[in-house]
1. Identify the residue in segment 425-452 that is among the small types (Gly, Ala, Ser) and outside any loop (DSSP other than H, G, I, E, B) and, among all such residues, is farthest from Thr373 (Cα to Cα).
2. Looking at Arg367, Arg379, which one is under 17 Å from the mean Cα position of the chain (by Cα) and under 19 Å from Asn455 (Cβ atoms)?
3. Residues in segment 323-340: is at least one in contact with a Gly (Cβ under 9 Å, 6 or more places away or on another chain), among the aromatic types (Phe, Trp, Tyr), farther than 19 Å from Leu574 by Cα and not in a helix (DSSP H, G or I)?
4. Which is at pLDDT below 95 and surrounded by fewer than 24 Cβ atoms within 10 Å (Cβ to Cβ), of Pro351, Pro325?
5. I'd like to know if segment 209-219 contains one or more residues that are part of a loop (DSSP other than H, G, I, E, B), surrounded by fewer than 17 Cβ atoms within 10 Å (Cβ to Cβ) and charged (D, E, K, R).
6. Quick one: which of Leu399, Leu384 is in contact (Cβ under 8 Å) with a residue 24 or more places away in the chain, within 20 Å of Cys79 (Cβ to Cβ) and crowded, with 19+ Cβ neighbours inside 10 Å?
7. Of Asp270, Asp278, which residue is buried (at least 20 other Cβ atoms within 10 Å of the Cβ), of a type in the set (D, E, K, R) and either modelled with pLDDT of 95 or more or closer than 25 Å to Gly212 by Cα (or both)?
8. If you take the residues in segment 341-352 that are in a helix (DSSP H, G or I) and either among the polar types (S, T, N, Q) or over 20 Å from the mean Cα position of the chain (by Cα) (or both), which one is nearest to Gln377 (Cα to Cα)?
Amino acid sequence: MVRASSTHMIVLVACVLLGGCVRGGQQATSNPTSAVVPTAPPAAPAAVPQPTLVASPLPAAAAIEPFPLQAGWWDTAVCYEVFVRSFYDSDGDGIGDLNGLIEKLDYINDGNPAAQQDLGANCIWLMPIMEAKSYHGYDTLDYYSVEQDYGSNDDFKRLIDEAHKRGIKVMIDLVLNHTSSDHPWFQEALRDPASPYREYFIWSPQDPGYRGPWGAVAWHKSPAAAEYFYGLFWDGMPDLNYRNPAVTAEAQKISSFWRNEMGADGFRLDAIKHLIEDGTKQEHTPETLAWLRGYRAFLDRAAPGTFTVGEIFDATPTILQPYYPDQLDSYFVFDLGGRIIAAAAQSNGRPFASAAQRVEDGIPFQRYAPFLTNHDQNRAMNFLGGDVSKAKIAATALLTLPGMPFVYYGEEIGMLGEKGSPPKVDEPLRTPMQWSAEAGGGFSGGQPWQALQPNYSEVNVAAQASDADSLLNLYRKLIHLHTTTPALAQGSLTRLESSENAVAAYLRQHGDQAVLVVLNFGKEQVDGATLDLEASALAPGAYELAPLLGDQPGAQLAVGMGGSVSGYTPLPELAPRTGYIFELRP
């Protein structure tokens with residue numbers, strides 16, 4: 001962790017917990033969580049030089065009522081985030097590859113739902129797999145070729161075939177906000193002012209003098225001429241100019257290639273709130289929203305059935321509102337992950353339950369994707385102090401929420417990972433998967449590209465696979481439950497008021513099925529906790545509570561007029577840091 005003043009450190013910790021201030025893939029000098037934000041950024045000059053732009057601002061659209069997505073595989077999906085470089089090395093060079101991922105697909109989903117020896121995830125999201133300058137892949141060199149370290153385009157097509165045989169859909173990271181500074185487009189634009197690629201990027205004859213949203217340098221001196229180019233994250237990632245229709249056409253061509261020729265099922269779109277800046281307004285601009293609207297329309301025409309999820313750091317229901325209804329299908333909700341982790345760490349479920357209800361009420365038709373942490377944040381187990389019981393209750397909360405939950409590889413076994421010091425800030429978050437206690441953690445027969453976490457010989461898949469009480473086996477149960485229980489996969493969420501701060505409870509309903517989730521985040525047993533609900537869609541009457549997670553049936557539930565519940569005690573005792581899932585049966 002980078003040293004900073006106490007005030008800055010508090011800000012950085014809050015950013016990581018709540019999902020703000022960070023983004024994937026940039027070098028340490030541009031990562032907002034690894035650099036102290038200046039207290040007083042330089043003031044802009046009186047006359048700000050105007051950058052070179054082409055085309056008019058994109059028009060705003062008329063108001064459209066929110067609408068649900070068409071029925072599809074995403075309705076019951078749990079998605080597993082994979083960093084290919086760190087998942088499994090098939091050829092002993094120390095770098096994970098696509099063939100290695102293919103070998104390990106049965107771990108994710110073996111295609112046999114009855115056996116439940118796999119995780120049960122029916123979707124994987126691959127962090128960038130296109131040819132790139134850096135190890136992480138977020139500085140693309142070639143949008144049409146698989147990273148050579150990972151294999152070939154044919155290897156990717158084989159991955160698609162093998163994944164589909166097992167019922168796994170494959171989403172890939174699509175990095176459209178910027179390229180690498182070594183990308184041929186940018187190199188030609190640097191050297192030749194008459195090149196058509198010149199207007200693929202954003203230029204200014206002088207430094208406009210303003211910085212990025214977190215205080216980092218955004219305008220960079222050209223190495224080839226007396227001018228500046230715009231690169232929000234760092235000078236190795238120049239931003240593309242989407243005011244130029246030719247750049248939009250390139251983005252559409254890239255998307256069509258990976259969807260229609262390579263077979264990807266969907267895209268995770270990186271850094272979308274920054275797609276089109278308007279001077280010092282560098283996020284959430286009307287032009288960005290209009291571009292995303294046009295992009296969705298393009299996919300509907302050219303590649304129907306493509307699922308899209310957008311990355312918007314700092315995303316809360318309020319911030320996300322302008323991005324619905326006719327843009328991307330879904331968006332990550334960073335705030336909710338922070339709330340889950342805070343509830344587990346602080347033994348207080350009340351703020352989490354309130355936040356879950358706000359997301360349910362604020363985002364239309366559950367078009368959102370919750371998660372605990374991802375590749376840009378310290379791993380959940382670090383926030384939870386290595387406490388497996390806290391990790392278990394956090395997992396239960398995540399996988400009983402609406403939307404499409406995402407699980408970061410290794411989270412299911414409690415892998416550690418904490419940001420390092422420059423220049424290797426994010427590498428410790430993305431260390432090799434811990435398959436076994438053998439040398440190299442079962443990841444590679446050679447020297448792994450990055451050292452494994454020190455505890456890999458104790459924390460690994462092999463050690464947990466046969467332990468019925470392990471974190472891994474809890475994830476297996478929860479993921480299988482989420483994907484096969486309609487109320488958990490698609491049901492509405494209605495919070496119940498709890499008499500105890502440590503206890504969160506909510507009702508999930510879909511069609512004729514209703515499920516009650518009760519979570520004791522506390523470190524102590526809770527006795528006699530009561531639940532109340534003013535109104536719900538439950539029909540009045542008596543319900544038996546059959547356990548879906550846990551062995552003990554709940555007490556009979558009496559539902560009053562208007563679906564009300566008063567003074568209900570589901571169990572006389574709630575074990576510490578334990579979740580319960582009950583199906584309500586009339």
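The values are calculated or read from the model by the stated rules, or taken from the named source; none is laboratory data. The model shown is predicted, which means the values in this text are computed figures rather than measured ones. Please note: Cβ atoms are built from the backbone with ideal geometry, for glycine as well, and neighbour counts cover all protein chains shown.
1. Ala439
2. Arg379
3. Yes, segment 323-340 has at least one match.
4. Pro325
5. No, because not a single residue in segment 209-219 is part of a loop (DSSP other than H, G, I, E, B), surrounded by fewer than 17 Cβ atoms within 10 Å (Cβ to Cβ) and charged (D, E, K, R).
6. Just one listed residue meets the conditions, Leu399.
7. Of the residues listed, the single one that is buried (at least 20 other Cβ atoms within 10 Å of the Cβ), of a type in the set (D, E, K, R) and either modelled with pLDDT of 95 or more or closer than 25 Å to Gly212 by Cα (or both) is Asp270.
8. Going through the qualifying residues, I end up with Ala345.
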